[in-house]
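The structure appears right after this line, and notes come after that.
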Amino acid sequence: MKISVGNPGIVVLALMMMMLISNGETQGTREIGVGVILDMDSHVGKSIRISILMAIKDFYRDTNHSTTIIAPHFRDSKHDNVEASSAVIDLLKNTQVMAIIGPQKSSQAAFVIDIAQRSKVPMISPATNPDLSPIRNPYFIRIAQASSTQAQPIAALVKSFGWREVVFVYEDTDFGRGPIPYLLDAMVNISTQVKYRSLLSPSFSDDKILQELYKLKTMQTRVFVVHMLPDLASRFFKKADEAGMMAQGYAWIITDVLTDLLNQLDPEAIDSMQGVLGVKPYIPPSNQLTKFEKRWKRRFHKEYPDDIDRIELDMFGIWSYDYVVGLAIALKSIDQIKLSTTFKRPRKSSTDLAAIGTSEMGPTFLPLIRDIRLKGMISGDFQVVNGQLQTSAYQIVNVIGKGEKPIGFWSSRNGISNRIINNGSSDYTTNKDNLGAIIWPGDTSEFPKGWEIATGGDKILRVGIPTKGGFIEFVQTSIDPKTKEVNASGFCVDIFKAVIDALPFDVRYKFIPYENPNGEPIGDYNDLVYQIFLEKFDMVVGDLTILWNRSNYVEFTLPYSESGVSMLVPNKVDDSKNMWIFMRPLEMELWITIGGFFIYIGFVVWVLEHRVNKEFRGPPHQQVGMIFWFSFSTLVFAHKEKMMSNLSKFVVIVWIFVVLVLTSSYTASLASMLTVQKLRPTLTSIYELKARGDYVGYQDGSFVVDMLKKMGFHDDKLKKYTNIQEYANALLNGTTKNGVSAIVDEVPYLKMLQAKNCNKYVMVGPTYKTAGFGFAFPKGSPLVNEFSRAILKVREEQMRDISDNWIRDEADCPGKNVDVEPFEKLTLESFKGLFIVAGLSSTCALVIFFFMFLYENKEILVSDDSTRHKWTTIIQNFDKKKGLITSETKTVDDSNEYIEDNMINYPPMSPAISDYHQSEGVFSPASSTYQ
């Protein structure tokens, strides 16, 4: 077509056509420029680029009536922050793109984000640094998971295996430092300590990396959380394997980006990472994803034919594809009339940055792309909320062979599980049993305990152990003549080994006997403990009692044995006929108290009944006899005197109850002595032993000797022994110079002696409490708490079996006579409550009677007579009769008193009775006459 220059209309029309073509507007469509800034020589950059091109092609191929088309403009950031910023400025100033995808690195995104904010152009980036917040930066949209979100799954994984200490290893970049504060908080929430943070620069040489690894190796922590990009991680794990840190006992956890990009590591690095655990966002498998991945690989191989080794579609490529589809949908929904692709620019600007201006489309476009929800995408349900990609679950994988093996999942709702739960259940758990089978470093299925006392095989826990000539059931040592290795056995050693197995970490140790070159003990247990303070031992194992003076130099674990010091004495057959055996059921103090209360109760009853009851009147010797008779007659309930006073009735009721309890207890105790008790101890308490001045035996090297001396035992009465047989022989010889009357030692030793000599010995006297046996460590050792927790577990689960293997219980003796136990007398302490009740009740009754009597004699008390005369009169009044009632024949005087006192109760007297007042005689009820 020929165009005439002289025709203005034709020229204008041609110019308009050229502008439409240049803007991509042909046949009713308009191109919307989108800038894409990637590291084009990195695998992630290439993956995102292919996914973006495929998303644009797939969307517009399936959409026939689109009015807008995304036109990508790619730029290479070349791994440089300045290059990325320059590319953004170029795209905004010269191309006027409506959005920017990228940059992919956190450090580059931090440079660009301010430019996007000023120009009002949305920046869509896969940068994972949580410091780049879509909330603080509205024009920043993250199409990847922030690295902070993986803190909870990693913490759950650490908690599931009970690891209490971890070490963080991360690269010194914005990407590496980003999630560390969140990981620290997550570890605090599960009570796990971060013992060390190792910061590695990507520029470190291999030698410097190896040097840092050797430093980590000297630490006791064996759990490492690694947050690196593939380039540094590849070199790091090769050197970790070289340093011997990919062996059994180590645990390694890698973060999401490295887990997803394992395909970028060379085969040698993957071989070094066998047994490593990793977490990454979960993308559910689907036919749609499988088909896409095949197409993606074909196009990748076509465009990058040189990159054919270990090419895999990663999560960044998947998310980029889904988001570009959502971006295209958002652009399609905008009214074409309101769509403006121009920038408002100042007339004059001094810099390129100021010359960019602001996008007119940005404020309208931004809300549509900050919240995108698409179902059925290749990543599943794709959601971007408030500018942040949402992921509901993480997958846990195990590096095995040339790749990874899924072993479980984590979700904020259900914790660790072996499958994705979509039924709304919210039972959060961190149970490691929900994970699949794991192959750990060192090609073992036994999970690492996460902590070791020593490293490198050249430093092990030096365990001091006593050399004993006796009581080998507790500790026994021997030396292998070939290997010169010290072997130990016994109750205490088995407890130690069980505790080692129960610890949540590995401990390598060796036993070192505390002896001289001749194999003899060097000192006592105090000396042995002091060796820890001198740093000759790292801990001490044995029948070591926890004592306060020893705790000045060492720190003890919780006890693992019974506690207390007691006395063991021989049993003897109690077949003697003792004429005073009836006195034995009650101790002397109780006999005296009972006697005193009998007299006191008799006196109280006499006082209450003396004025109103003829039975309690008469000559003084008769009244004293009545006091003793009445009170002691209640012992066999033989009293027949009728109580007239309500107060005395109350006193007698309480006292009868006390007597009933006392007689029942006495009867039962005496019957037991006469019919059941066959054996009894030769001594009943350590106080009796001390009073008799007999010889006492104790174990050589034990603290018990100091305890006996403090109790007042003389040195010449103390004899030391080294084994159970010497104990038995000494008790057999008895009180002679070749024997002892009793053995004083800790309860475990005495129980063993009892078990080996059924029915021959019995423990008597008070048991003096001690803390029991424990393990000793240096002051401030972190092992104390760990061993104490393990001891609790062993005591609950294994203690019975270990004890039965070495220390037989006396109750297991064949044919044991259950009646051999020593007889214990009834003590005053057992009945103190009864006597208090009886004493208070009788005293209260006496006090009430006293005040009532004083009230009756108040006229005498207020009279002008002398005090002596008043009290003499009151005592005489107390001795007078008052309303006497008797079933026997009364004398005239008595009858007169009775009738006068009770005249109100009778009708007027008959003549016969009236004559009674004029004559002497006795009233006969039967005849109503006087004789």
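The values are calculated or read from the model by the stated rules, or taken from the named source; none is laboratory data. This one's a predicted model, so the numbers in the text were calculated from it and none came from an experiment. Here the Cβ positions follow ideal geometry from the backbone for every residue, glycine too, while neighbour counts run over all protein chains shown.
Structural remarks
- Hey, Lys880 surrounded by 14 or more Cβ atoms within 10 Å (Cβ to Cβ), of a type in the set (Lys, Arg) and more than 60 Å from the chain's Cα centre (by Cα) or not: no
- Of the set (1) out of contact with any strand residue (DSSP E or B) (no Cβ under 7 Å at 6 or more places or on another chain); (2) part of a strand (DSSP E or B); (3) charged (D, E, K, R), all apply to Lys208 but (2).
- Selection status of Leu660, of a type in the set (A, V, I, L, M, F, W, C) and in the same structural domain as Asn757 (by TED's automatic domain parsing): no
- Counted residues, segment 602-624 - those being assigned to a helix (DSSP H, G or I), under 17 Å from Phe853 (Cβ atoms) and charged (D, E, K, R): 1
- Among residues of segment 235-271, those that are polar (S, T, N, Q), surrounded by fewer than 21 Cβ atoms within 10 Å (Cβ to Cβ) and more than 31 Å from the chain's Cα centre (by Cα), counted: 1
- Ala671 being of a type in the set (Gly, Ala, Ser), at pLDDT 80 or above and not assigned by TED's automatic domain parsing to the domain that holds Asp543: no
- Strands (runs of 3 or more DSSP E) fully within segment 89-153 that include at least 1 residues being among the basic types (Lys, Arg): 140-142.
- Pairing each residue of segment 869-882 that is assigned by TED's automatic domain parsing to the domain that holds Leu608 with any residue that is surrounded by 14 or more Cβ atoms within 10 Å (Cβ to Cβ) and polar (S, T, N, Q), provided the two are 6+ apart or on different chains, yields no C-beta distance under 8 Å.
- Scanning segment 79-113 for residues that are without any contact (Cβ under 8 Å) to a residue 12 or more places away in the chain and not charged (D, E, K, R) yields Ser86, Asn94.
- Out of Ser841, Ser830, Ser887, sole residue that is in a loop (DSSP other than H, G, I, E, B) and either loosely packed, with under 14 Cβ neighbours inside 10 Å or modelled with pLDDT of 75 or more (or both): Ser887
- Filtering segment 65-88 to residues that are of a type in the set (D, E, K, R) and either buried (at least 24 other Cβ atoms within 10 Å of the Cβ) or part of a helix (DSSP H, G or I) (or both) leaves only Glu83.
- Single residue of segment 849-858 satisfying the filter (hydrophobic (A, V, I, L, M, F, W, C) and surrounded by 14 or more Cβ atoms within 10 Å (Cβ to Cβ)) that is nearest to Asn877 (Cα to Cα): Phe853
- Ile453 vs. criteria surrounded by 19 or more Cβ atoms within 10 Å (Cβ to Cβ), more than 30 Å from Ser125 (Cβ to Cβ), modelled with pLDDT under 90 and not basic (Lys, Arg): yes
- Among the residues of segment 143-187, the ones that are under 30 Å from Asp80 (Cβ atoms), out of contact with any Leu (no Cβ under 7 Å at 6 or more places or on another chain) and aromatic (Phe, Trp, Tyr) come to 1 in all.
- Test for Ile141: is it more than 21 Å from Phe505 (Cα to Cα), of a type in the set (Val, Ile, Thr), more than 19 Å from the chain's Cα centre (by Cα) and surrounded by fewer than 19 Cβ atoms within 10 Å (Cβ to Cβ): no
- Whichever residue in segment 491-527 is among the hydrophobic types (A, V, I, L, M, F, W, C) and either in the same structural domain as Gln220 (by TED's automatic domain parsing) or in a strand (DSSP E or B) (or both) and, among such residues, is surrounded by the fewest Cβ atoms within 10 Å (Cβ to Cβ): Ile512
- Counted residues, segment 789-814 - those being of a type outside the set (A, V, I, L, M), buried (at least 18 other Cβ atoms within 10 Å of the Cβ) and at pLDDT 85 or above: 2
- Odd one out for Asp207 among (1) free of Cβ contacts under 8 Å to residues at least 12 places away in the same chain; (2) within 24 Å of Val279 (Cα to Cα); (3) not polar (S, T, N, Q): (2)
- Check on Leu732, more than 23 Å from Cys492 (Cβ to Cβ), at pLDDT 85 or above and of a type in the set (A, V, I, L, M): yes
- Filter pass, Met219 being modelled with pLDDT under 90, in contact with a strand residue (DSSP E or B) (Cβ under 8 Å, 6 or more places away or on another chain) and not aromatic (Phe, Trp, Tyr): yes
- Cβ pairs under 9 Å, 6+ apart, first in segment 514-528 and farther than 19 Å from Glu555 by Cβ and hydrophobic (A, V, I, L, M, F, W, C), second modelled with pLDDT of 85 or more and not in a loop (DSSP other than H, G, I, E, B): Ile522/Tyr514; Ile522/Glu515; Ile522/Leu528
- Subset of segment 214-234 [assigned to a helix (DSSP H, G or I), surrounded by fewer than 22 Cβ atoms within 10 Å (Cβ to Cβ) and not polar (S, T, N, Q)]: Tyr214, Lys215, Leu216, Lys217, Pro230, Asp231
- Asp271 passes every criterion in (1) in a loop (DSSP other than H, G, I, E, B); (2) under 20 Å from Ile407 (Cβ atoms) apart from (1).
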